[in-house]
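No lab work stands behind these numbers, since they all come straight from the coordinates. Note that the coordinates shown come from a computational prediction; the quantities given were computed from them, not determined experimentally. All Cβ positions, even for glycine, are placed from backbone atoms using ideal geometry, and neighbour counts span all protein chains on display.
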Amino acid sequence: MDPIRRVGVIGAGVMGAGIAAQVANAGIPVVLLDIVPGAAEAAVARMLKTEPAPFMHRAAARLVACGDLDRDLALLAECDWICEAIVEQAEAKRALYARLQPVRRPGAILSSNTSTIPLAALTEGMAAEAAAQFLVTHFFNPPRYMRLLELVQGPATRPEVAARIADFADRGLGKTVIACRDRPGFIANRIGGHWLQSAVNHAVDLGLTVEEADAVMGRPFGIPKTGVFGLLDLVGLDLMPHVAASMKAALPADDPYVRAMREHPVILGMIAEGRTGRKGKGGFYARERGPGGERLKRTVDLATGRYRDSEKPVLESLALRDLRALAGHPDRGGRYARAVLLDLLGYAAALVPEVAEGIADVDAAMRLGYNWRYGPFELIDRLGAGWLRAALAAAGRPVPPLLERVGEGGFYRVEAGRLEAFGLDGAYHPVPRPEGVLLLADIKRRSTPLARNGSASLWEIGEGVACLEFHSKMNALDPGTLEMLGTSVAMGRKGAFRALVIHTEGEQFSVGANLGLALFAANIAAWGEIEGLIEQGQKAMRALRDAPFPVVGAPSGMALGGGCEILLHCDAVQAHAESYIGLVEAGVGLIPGWGGCTGLLRRWAEDPRAPQGPMPPVAKAFEAISTAQVAKSAFEAREMRLLRPTDGITFNRDRVLAEAKARALALAEGYAPPPAPAPLHLPGASGRVALGLAVRQQAALGRATPHDLVVCDHLAETLTGGGRDPVDAVTEAELHALERRNFMALLRLPATLARVEHMLETGRPLRN
Amino acid sequence: MPLYDAPLRDMRFLLDELAEAGRLRALPGCAEVTPELTGPVLEEAARFAREVLLPLNQTGDAEGCRLENGVVRTPAGFPAAYRAFCEGGWTALGADPAYGGQGLPRSVGLLVEEMVCSANMAFGMYPGLSHGAYSAIARHGTPEQRALYLPKLASGRWSGTMCLTEPQCGTDLGLIRTRAVPAGDGSHRITGAKIFISAGEHDLAENIVHLVLAKLPDAPPGTRGISLFLVPKFLPTEDGGPGARNGVACTGLEHKMGIRASATCALAFEEATGWLVGRPHKGLAAMFTMMNEARLGVGVQGLGIAEIAYQNAAAYARERLQGRALDGTRAPERPADPILVHPDIRRMLLTMRAMTEGCRALCALTALEHDVSLRHLEPEARQAADDFVQLMTPILKALCTDAGWEAAVLGMQVWGGHGYIRDNAMEQFARDVRITQIYEGTNGIQALDLVGRKLGAHGGRYLRRFFHPVLAFIEARQDDPAMEPFLLPLAKAFGRLQQVTAELAQRGLRDPFEAGAGASDYLRLFGLTALAYAWARMAELALPRAGEEAFYRAKLATARFFMQRILPETSSLATKVLAGGSSLREFADADF
C-alpha cells in the first residue's frame, strides 16, 4: 500500500484547518487552501493561539503550506489525498471537484468532510475514474482530539482507496475508522442529532430545569457532564437549525428524527439575541458580573428565556445509580430519563443495518464521536432488552426488529474470554480488533491478574511480557500503587516475566500522588508516616530502573507528578501522542519527591545537544518544575526532556500497548540494567543564589507569588545540590535525600496545605 | 439548700492567663475586655446566681410549670427573677450594641452562662433559647427583621424558641411535615405540630418569637427542602409592640425527669403568620449556624451541673464523719474522720474536679476561637478559628455533658443514701443534667457529626487546627524536665489519636458503618486528648506559682491526677475503635 506522503485540505474553516493541523502533527506535509485570500494563513496563525491547541508542537505548523484556492490550486498536484472541507452545499462541492479534476494527479484520493450530505449526491456527474477515487471522510470537531473518523465509500469507490485512507487515518492520524453506510448524518450525527432534539423537547415538555436535564443526561447516561444544554452551548445553538434543515431535506418525512424537529421559541429568541453559547454572549449557561463585581453563574429559565441564578439540581431520582431504577422513578427526572431513553434507544435499534454494518460500529461511533461512556446498544444491555421492549410497547411505540430478535440475551456477551456482539444473522460474532491493536480490556476478559490490590494490577499480556495497570480514582498513586510496583519488580526478578509495560486504559495514565491522603496525613501532623511514604516511593522508582528486566512506560492522557516520575525511571517510553506529562508539584506548593527533580536534572545533564556545565541543566529543570509546566503532547514532552529522543510516539491510542510491548520485547533481548547513575556536578550555593535572584525578578514583575518564592527556594536548594561546593559531585542518594527534606519542609507550611486543599476542592491551582 | 460559690478564681485564670487574654483584647470591640471590666461583671453574675437563681432551683423543680387555659404558668418566683435578670442586662450581655446589647465576647458570656446553669439550669433555658433566636435572626434575617426583633430579644422583653422537632421527626429533620404556604403579601401561613419546644409558651416575656422549620409547597424532598420561618406569638404592631394573637397555641406540657421548671411545650401552628428567614430551602443551614452555638451552650449546661455537684460533694465529704483513714486516724478528737480521707472518695472528687476544670478550660479555649472567628480582621485567622470551633463543638457537647452526668452521679455517690433523698438536691442535679446528653443532637449524633462531617471536611483541615498546635506545644517543651509528667502522657495520647484518626478516616471512607461503629469511642478519645492538652497548658502556667497560692498548687495536683488516673482511658478507647464494627454488624437483628 502506497503511503500518504502529502495531503491537501481545501477550506480553512475550523474543520479544514484542524484536519490540516492533525496531518501536520503526524509529520506529513499538508497544503491548506481557502477560497478567501489569506484565510489559510490566518487560520494557522489562529490555531497557534487556540486552546486546546490543534498543533501538537510548533514545528508542526511549519509543515502546513498555505495558499489561496484560486491562485494556488496547482499546489494540490503533489498531494496523495485531497480532503475537501468547504461549505455544506452539494453544488459548491461538486463545482470544486470539477475544478480539481485537471490538477489532481492520477491515483490521488479525493474525499469530502461533509457531515450531512450523502456521497451519492456529491458524486453526481463525476467521471468514473474520479468516483473510484472518491469517498467521505467525516472528522469530528476538534479533529486533533476527537478519535472518530466516519468513512463512507460509494459503489464506485475502489476498495484499495478506502483501505489506504483508513490505514493512514488509523496509524497516522490516530483515528478509529468506522465504516458507515451512505445515509444522511452517517452514524454519530444521525443518532446524536436526534438525541439532542429529543432531549430538548422532553426537557421543555416535562418542565425540567436546564440543570436538572443536564444532570440526568450526564452521569446516569454516561454522557459528558455538559449533558444536553451544556453541549448545545459548546457547539453553538445556531448550529441546530442548520443541521435540522439539512437533515430534514435528506431524510424521509416520517423518520423519527424529522418528526422530533421542533422550533422552541425560547431557543430561537436566544439565537436572535446572539446568546448562541460559549462562542457568543453565553447560552443556556452564562457567567455574569453582579452589581458588586462578583461572579455570578446564571442559567436560562426554559419557560421564560430569562436568566436566573444557577441552581444545583435536587431530584430524588438523581441519587439513583441504576439506570433502570432512574427510568422507573416517578419524579420528573425519572420520567425525563425514560422518555429520552425510549427515543434514543428505539431509534438506534431501528437504524441497524440502515446506517452501519453492526451494532459495535454504532456504539463505537457514539463513544468516540460524542464521548459517551456507553453506546446505545451498551445502554440497552444495561437496561435489559426485555425492559426496553416492554417499555416501548407500553408507550405504544414500535419495537425494532433487531430488538425483537436479540430476545433475552444481551447485544454483547463474553464467550471464552472474548467480547462478542449480536449480529444481524441472529448469531454472536467476535468484535473485530484491527491487526496491531492490543487492548488491556480484552486481556482482562480472558485472564486473571498475576497480582492485584485495590490500586493496581499486574497482567500477563503475552510472550512473557507483563503489564502493570493502575486503577485507583484518576489513577492517583497511593501506598497500594507503591506496594504493587514493588510486587511487580519482585515477581520480575523471580522470572515471572521478561519485560514490564506500565499502561492504563483509563482517561489518564496517572494524575500523581493521592493528594487527599497526603493532605489528611499532613493535617493530623503524621510527618513520620509521610516521610516514610516518600522514601518508599523513591525506593520503588530506583527498583524499577535497576530491575534486571526492561520496563517500558506507555502513557496516554495525563502523566503528572508521580505519574511523570514513573516514566522518568522507565528504560523506554512508548507514549500516546496525546500524553500530557509534567512535574506539577509546585502548583500545590511542593516539589517532586519521588526522584523527579533528580531524574529531570539528569536528563538535561546527559543530553549531548543541551548546553553543558553545572548550571544549564539545573536552570532547565528549575524552569520546568518551578512553573509546573505540563507538556501538551508527547512531542512537547520530548522538547522538555521528559521523553528521550529514542522514546516512541503512537498516534492511535488502541495501538499504544502493542507497540510498547514490541518495544519491551526488543529491549529484553540481551537486556542489562542501566549502569549506576554517575554523580552530578552541580553549581551549589552560588547556583542557588542565582536562581533565587531570577525568581525574585519574576516576583517583582508580578509573575511569582509569595509562596512561589518559598517553593522555588526549596527547589533551588534541591537542584543545586544543597549548598555543596561545585567541585563535589552529588550522588543520587544525596539528591534523593534533598528531595525528601525539602518536600517535607514545604508540606509543613500552611500556604502549601492551602494550595493542596484548593486543588482538591476546585481542581485549580491557588495562587497564594 | 445546696451551696454554690461561682468558681471565679478559676474563671479569672482561664480568662486572663490561659486563653491568652492579649489575643482576645486585640480583637475589634474587645479592647475594653480587661480584668477591671470583666471582674465586676463576673462577680455580679456570681452574686445573682447565688442569691436570686439558686433559691428558686429546688422550689421550681418541685412546683414545675402548669398549663391553664392555653397559658403556661412558670413556678413561683420565676417571673420576678426573669425581670431582674433582664434589668441586670444579662440577656443583652453578648448582643450587638447596635441593638441595645453590651457586645461582650463569648469568652465572657460562656462563663456567665455556666453560673446560671449551676444555680438553676431550668431557669437558664428561657434566656438560652432567646439567645439562639437572636443569633439566627442576626445572621440570616433581613434588615427589617433585625431592626424589629433584635432589640426586643436583647432586652429580654421578648423571648425566643427553636421549633424543629415533630412527633414523627427528631434527628432526621428531612421528615418534617409542617407546611408553609405563601400568603401573597410576603408572609407565609404556617401549619403543623411541633413538640419538645423549650420555652414554647410561658409568662415571663410579653411576646415569644418562634423560629420554625417548615416546608414550602415546592420544597425538594429531604433536608434540602427545609426553610426557616419567624412566627411571633403576637403579631407586631406598627410601632413594634405585641399586637394580635397569631395562630400558634400550646396544646400540652411534657412531664419530664428533670428541668421541670422549664416549659417543654407541644405547639400547634394553625395558619399562623410567619416570615421567611434566609433563603428558601436553606433553613437547615441557617439553623445549623446557631445549632453550633447552642451545642456549645448545652456543653456548658453539663459543665455547670458538674461544678455545683462537685462543690456540694466536696462540702459534704469534709463534714460527713465515717470510719477512719486507712493510713492513720486524722481526727482523733472526733468520733470518726471526715470521709474526705478515704481514697475512693478522693478518687470520685478528683475525677469530678479534673473533668470539670478541664472541660471549663477547653470551653474557654473554644470560646476564644469563637470570638476570633467572629471578630478578627484577617479572613484566614477567622477561618482557622472557625475550623477549630467546628471541630470542637461536637466534642465539647458530648464530653461536657457526659462529664456533667458523671459528676452528678458521683456527687450522689459521695453523699451515699442521702444523695438519693430529694431534699438534699443531689438527685436533682442528675435528673436535670441527664437531658443534656440527649437534646440538641444526642451525644451519639455528636460523634457521627465529628466522624462524618468534621473529620473529612476540606481534606481534614479542621483537624489541623488541633493537631498542629498540640504537636508544636509538645515539641517545644520536650527538653523541660518539669513538664515531663504532663508532656509524656499527652504525647502518648496524641500519638494514639493520630493513629486512630488516620485509621478511622480510611476505614470510614471505604465503609461508613465502620466510621459509625467507632464514632462514640473516638469522640471520647479525642475529647480526653484535648483535655490532656488543656491540662498540660494549665500545668505549665501553674508550675512556677504552685508554691505561692493554693489555687496553683491544686491546679498542678489535679493535672497530675488527670494524667495518671483519667487519661489512660484513651488506651482502651483506641483499642475499642480499632477493633472495628464487625461485632456490631454481625449480631442478627432478630436476636435483639
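Please figure out what share of the DSSP beta bridges in the range A:384-522 is antiparallel and state it in percent, rounded to the nearest 5.
The antiparallel proportion sits near 75 percent.
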- Could you work out how far apart the two model spin labels at B:A268 and A:L268 are, taking each label as a point 7 Å from the Cα in the direction of the beta carbon, and quote it in nm? 5.7 nm
- For the range B:348-431, the Kirkwood Rh over every pair of distinct alpha carbons, in Å, works out to 14.5 Å
- When you take every Cα atom in chain B, what is the radius of gyration, and what is Dmax, the widest Cα pair distance, in Å? 24.1, 83
- Specify, per residue and in Å³, the volume enclosed by the convex hull of the alpha carbon atoms belonging to the range A:1-120. 107 Å³
- Distance between modelled label sites at B:R47 and B:R157, nm, 7 Å Cα→Cβ extension: 2.7 nm
- Taking the Cβ of each residue in A:C66, B:C265 as the centre, tally the other Cβ atoms inside 10 Å and list the residues starting with the fewest. A:C66, B:C265
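If I take all pairs of Cα atoms in chain A, what percentage of them are more than 38 Å from each other?
Result: 46 percent of Cα pairs exceed 38 Å.
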- Message: Using the Cα atoms of the range A:188-399, I'd like the radius of gyration and the largest Cα-Cα distance, Dmax, both in angstrom.
- Response: 17.2, 58
- Item | Quarter of the Cα convex hull surface for the range A:680-762, i.e. its orientation-mean projected area (nm²) | 6.0 nm²
- Task: Take the range B:8-144, drop everything but the C-alpha atoms, weight them equally and run the Debye formula without solvent; then report log10 I(q)/I(0) at 0.12, 0.13 Å⁻¹ to two decimals.
- Result: -0.55, -0.63
- Query: Which loop-located GluC sites (Glu not before Pro) does the range B:303-394 contain, where loop means any DSSP state but H, G, I, E or B and the Cβ has at most 16 other Cβ atoms within 10 Å?
  - Reply: B:E333
- Query: How far, in nm, would the chain grow between A:A163 and A:E529 when pulled straight, counting 0.36 nm per residue and subtracting the alpha carbon separation?
  - Reply: 126.0 nm
- Item | FRET efficiency estimate (nearest 0.05) - Cβ-Cβ, A:T304 to A:E507, R0 51 angstrom | 0.85
- Query: For the range A:225-251 and the range B:388-463, what is the separation of their Cα centres, given in Å?
  - Reply: 61 Å
- Task: Using only the alpha-carbon atoms of the protein assembly as shown, report the extent along each of the three principal axes, biggest first, to the nearest angstrom.
- Result: 128, 81, 64
- Item | Relative contact order (%) - criterion: Cα under 8 Å, at least six apart; region: chain A | 8 percent
- Message: How far apart, in nanometres, would the label points at B:L8 and B:A31 be if each is projected 7 angstrom from Cα along the Cα-to-Cβ direction?
- Response: 2.8 nm
- Alpha carbon centre of the range A:559-621 versus the range A:664-734: separation in Å? 10 Å
- Message: Starting from 0.36 nm per residue, how many nanometres of slack lie between B:R510 and B:T251 once their C-alpha separation is accounted for?
- Response: 88.5 nm
- Query: Among all helices in chain A defined by DSSP H, which have a length of 30 Å or more along the axis from Cα atoms plus a Kyte-Doolittle mean of at least 0.5?
  - Reply: none
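What's the longest bit of chain A with no exposed chymotrypsin sites (Phe, Trp or Tyr not before Pro), using DSSP loop states and at most 16 other Cβ atoms within 10 Å as the test?
Values: sites that count: A:Y145, A:Y671.
Formally, the longest exposed-site-free interval is A:146-670.
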- Provide the FRET efficiency to the nearest 0.05 for the A:R5-B:R224 pair, computing r from the beta carbons and using R0 = 56 Å. 0.35
- Message: Can you give me the long-range amide H partners of A:C467? Hydrogens built in the peptide plane at 1.01 Å from N, cutoff under 5 Å, separation of 5 or more residues or another chain.
- Response: A:W459, A:E460, A:I461, A:V501
- Item | Three semi-axes of the equivalent ellipsoid, the range B:417-496, Cα gyration tensor, whole Å, largest first | 37, 24, 8
- Where does the range B:446-582 land on the Kirkwood hydrodynamic radius, alpha-carbon pairs, in angstrom? 15.7 Å
- Do me a favour and compute the ellipsoid semi-axes for the range B:160-282 from its Cα gyration tensor, root of five times each eigenvalue, largest one first, whole Å. 22, 20, 10
- Taking only C-alpha pairs under 8 Å that are 6+ residues apart, what is the relative contact order of chain B in percent? 13 percent
- Per-bin percent of Cα-Cα distances, the range B:273-319 [10 Å]: 22, 25, 20, 16, 11, 6, 0
- Message: For a 21 Å ceiling on Cα separation, which of these pairs sit above it: A:K473/A:K661; A:K539/A:K632; B:K233/B:K256; A:K225/A:K297?
- Response: A:K473/A:K661; A:K539/A:K632; B:K233/B:K256
- Förster radius 30 Å - calculated FRET efficiency between B:A557 and B:L321 (Cβ-Cβ, nearest 0.05): 0.80
